[in-house]
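Only one structure is covered here, and it is reproduced in the block below.
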Amino acid sequence: MSDGSSFYITTPIFYVNDVPHIGHAYTEVAADVLARWHRQAGDDTWFLTGTDEHGQKILRTATANGMSPKEWADKLVAESWQPLLNTIDISNDDFIRTTDERHEVNVQLFLQRLYDAGYIYTGEYEGYYCVGCEEYKQLSDLEDGTGQYEGQLVCKIHSKPVELLKERNYFFRMSDFTQPLLDLYESRPDFVQPESVRNEIVQFVKRGLTDLSISRQTFDWGIKVPWDETHVVYVWFDALLNYATAAGYGYDQEKFDRLWPATHIVGKDIARFHAVIWPAMLMAAGLEVPKQVYGHGWLLVGGEKMSKSKLTGIAPEQITDTFGSDAFRYYFMRAINFGQDGSFSWEDLSARYQAELANGFGNLASRVIAMVTRYHGGTVPPAVESALTEADLAIRATERRATKAADEAIERLAVHEAIARVWELVDELNGYITLQEPWVLAKDPSKADRLATVLNTAVHGLGTLTVLLSPVLPEATAKLWTALTGTGTVQDQPIRAAWEWTGGARVEPLEALFPRIEVDAS
């Protein structure tokens, strides 16, 4: 198992029954920011994402579109899911598909090991099944339908009728792990976060776990149960194993030992699968449980969870085509407290773009580069020790404080808080320039040392910001790093010592990082 120096982070693998919306992209960006930060910190980082391609829901969607399930999956992955990663600038190290041979073969290996160890048996099950969730539901998960579904029980998440199914399946002895899981949650309070999700999981397990049906006979789109090919593996049992099979389980033990265990970033609606079923599976196999399961909140549009089925899905490119990928990444990481539900609105996006990105960070960068060019011919002057003031020293102190506070927030997966701490330096630098008035100093030759010190302080603070914001704004910070003639690439800079960055003797011209956008008010 990992010695603790690695940082293996995953998103859920997403169903290919439809195209991605900004709810999916939100999860991707959060994991990406965390991965980029840890890479810049020098940690052995591995970032996994991918697609979930088995199960009844995929089969039905493919059939409705006149394709085989594999043809449908190939089309959606190639045309929608992999392009999404480019649209929002995701730096994943791996992309797994549950139809990959490395996955299918080693799911069967894992299942066979559990079967041989006595954790799997045959039995009958009858219950209400939601195809959308690919899950049997308790009555508490259902509600009475309205409108066209009046008189039927519907899933609270999808608002669509459930099906009453009775099957003879294979079962996983999950009930054996009720107490081991409760012991895990008690001994490691940060195993499931945030606190609201942890409390829900603990209460669910305290009620007692039932054994889990892990095979299906009513359809054949899935991984065959190795000792009985008339059954396919339950899609969630199959899907959860992607985190292990992508990390080398069953075929690359050295890689698996280096990477495992993982930090899982998931939506809170699927936290139960990851914080209950998944660790129970790993315990049964004698493997280390994940490092952490973090169930973030939902994106709400018009007060409802983002959903294609409810026609509230917004495609990421609807935002990036106008505002760019950096603004997309910044907005969702800054405007929403990670771990809580958050509402999206075009008005808020536009306002934050203008106030925080264009007028805040972007204008700061343009002003500093322009002033060095205008007042010092593009040469970055050294600070003059005798001209240093408390104001200059305060900026230097904020560079260190913001770096430390942001890193501490990242360790808690509080991405929104990390950005807020960094933004304190943005605001302080803007205020510093306003108060120091370098345009006034430039008019008085006797203030040359003071002008040089102010420009040096501004450039240094701007470089520190460039390093700290690189995981969030990779495109803008790459341009700014070039303008600052920074050493190497900005991604090469040790982020936990961001204030120690080094640059060249000159600055180069810089185009507007966040150009003004005319939003159609009609």
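The values are calculated or read from the model by the stated rules, or taken from the named source; none is laboratory data. Every value quoted in this text rests on a predicted model; they were computed, and no experiment measured them. Positions of Cβ are backbone-derived with ideal geometry, glycine not excepted, and every protein chain shown enters the neighbour counts. Heavy atoms of the whole protein, side chains included, go into the accessibility calculation; ligands, DNA and RNA do not. Shrake-Rupley method; radii C 1.70, N 1.55, O 1.52, S 1.80 Å.
I'd like the full set of residues that are of a type in the set (A, V, I, L, M) and crowded, with 18+ Cβ neighbours inside 10 Å, limited to region 288-305.
V289, V293, L299, V301
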Inset, instruction - Determine whether D190 is under 24 Å from the mean Cα position of the chain (by Cα), surrounded by fewer than 20 Cβ atoms within 10 Å (Cβ to Cβ), at pLDDT 85 or above and closer than 17 Å to V235 by Cβ. - result: no
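Quick check, is S159 open to solvent by less than 50 Å² (accessible area, probe 1.4 Å), small (G, A, S) and part of a helix (DSSP H, G or I)? Full working, then the answer.
Details: open to solvent by less than 50 Å² (accessible area, probe 1.4 Å): yes; small (G, A, S): yes; part of a helix (DSSP H, G or I): no.
Criteria not met by S159.
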Inset, instruction - Mind listing just one residue for me: the one in region 3-42 that is under 20 Å from W236 (Cα atoms) and among the aromatic types (F, W, Y) and, of those, least open to solvent (accessible area, probe 1.4 Å)? - result: F14
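Could we say that D74 is among the acidic types (D, E), at pLDDT 95 or above and part of a loop (DSSP other than H, G, I, E, B) here?
No: the conditions fail for D74.
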Inset, instruction - Would you be able to tell me the number of residues in region 465-521 that are open to solvent by 60 Å² or more (accessible area, probe 1.4 Å), touching a residue at least 60 places away in the same chain (Cβ under 8 Å) and not in a helix (DSSP H, G or I)? - result: 8
Legend entry - Residue, nearest to the chain's Cα centre (by Cα), within region 215-265, restricted to residues that are under 15 Å from Q108 (Cβ atoms) and of a type in the set (S, T, N, Q): N242
Legend entry - Selected residue [touching a Ser or Thr at 6+ places or on another chain (Cβ under 7 Å), modelled with pLDDT of 95 or more and either outside any strand (DSSP E or B) or not acidic (D, E) (or both)] from T122, T27, T45: T27
Inset, instruction - Just one of (1) surrounded by 18 or more Cβ atoms within 10 Å (Cβ to Cβ); (2) in contact (Cβ under 8 Å) with a residue 40 or more places away in the chain; (3) touching a Phe, Trp or Tyr at 6+ places or on another chain (Cβ under 6 Å) trips up L165, so point out which. - result: (1)
Legend entry - Of the criteria (1) touching a Gly at 6+ places or on another chain (Cβ under 9 Å); (2) open to solvent by 10 Å² or more (accessible area, probe 1.4 Å); (3) in a helix (DSSP H, G or I), which one A275 fails: (2)
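One line per residue, one yes/no per condition, for (1) within 21 Å of F95 (Cα to Cα); (2) buried (at least 18 other Cβ atoms within 10 Å of the Cβ):
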position: D257; (1), (2): yes, no
position: V266; (1), (2): yes, yes
position: A280; (1), (2): no, yes
position: A327; (1), (2): no, yes
position: W346; (1), (2): no, no
position: S350; (1), (2): no, no
position: Y353; (1), (2): no, yes
position: L357; (1), (2): no, yes
